[in-house]
Amino acid sequence: MIDMSICINCDTCIRHCPPQFGAIFNHGLDVIIIPELCSGCDKCLEPCPVDCIFPDPDWKPAPQDWWEEPAFDDPYR
């Protein structure tokens, strides 16, 4: 969770989020974390210069089937 009343929009958290997850985005003037993309690695917490990012106690990883490729008939295969 990001407390936007403290956040200074420095984008440090975005740069420290592992690229394979890419869970942190700029959204207008806000910075948001997409919970389904977040791995829970906490790599964004330490580098934050104003300590505005907090672990969400209700966070749960996305279900495994969320990551599975949808099955469909590909006419070009």
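Read-outs: derived from the displayed coordinates by stated rules, not from any lab. Quantities reported herein were computed from a predicted structural model and do not represent experimental measurements. Note that each Cβ is placed from the backbone with ideal geometry, even for glycine, and that neighbours are counted across all protein chains shown.
Some observations on this one:
- Taking the average, over residues, of other Cβ atoms within 10 Å as the packing measure, peptides 2-10, 57-65 rank 2-10, 57-65 from highest down.
- Karplus-derived 3J(HN,Hα) values for segment 32-45, using 6.51 cos²θ - 1.76 cosθ + 1.60 with θ = phi - 60°, are 10, 10, 7, x, 5, 8, 6, 8, x, 6, 6, 5, 8, 5 Hz; glycine and proline are entered as x.
- Value at 222 nm in deg cm²/dmol, rounded to 500, when DSSP H runs of n ≥ 4 in the chain each add -39,500 (n - 2.57): -1000 deg cm²/dmol
- Kirkwood Rh, angstrom, the chain [1 / mean 1/r, Cα pairs]: 14.0
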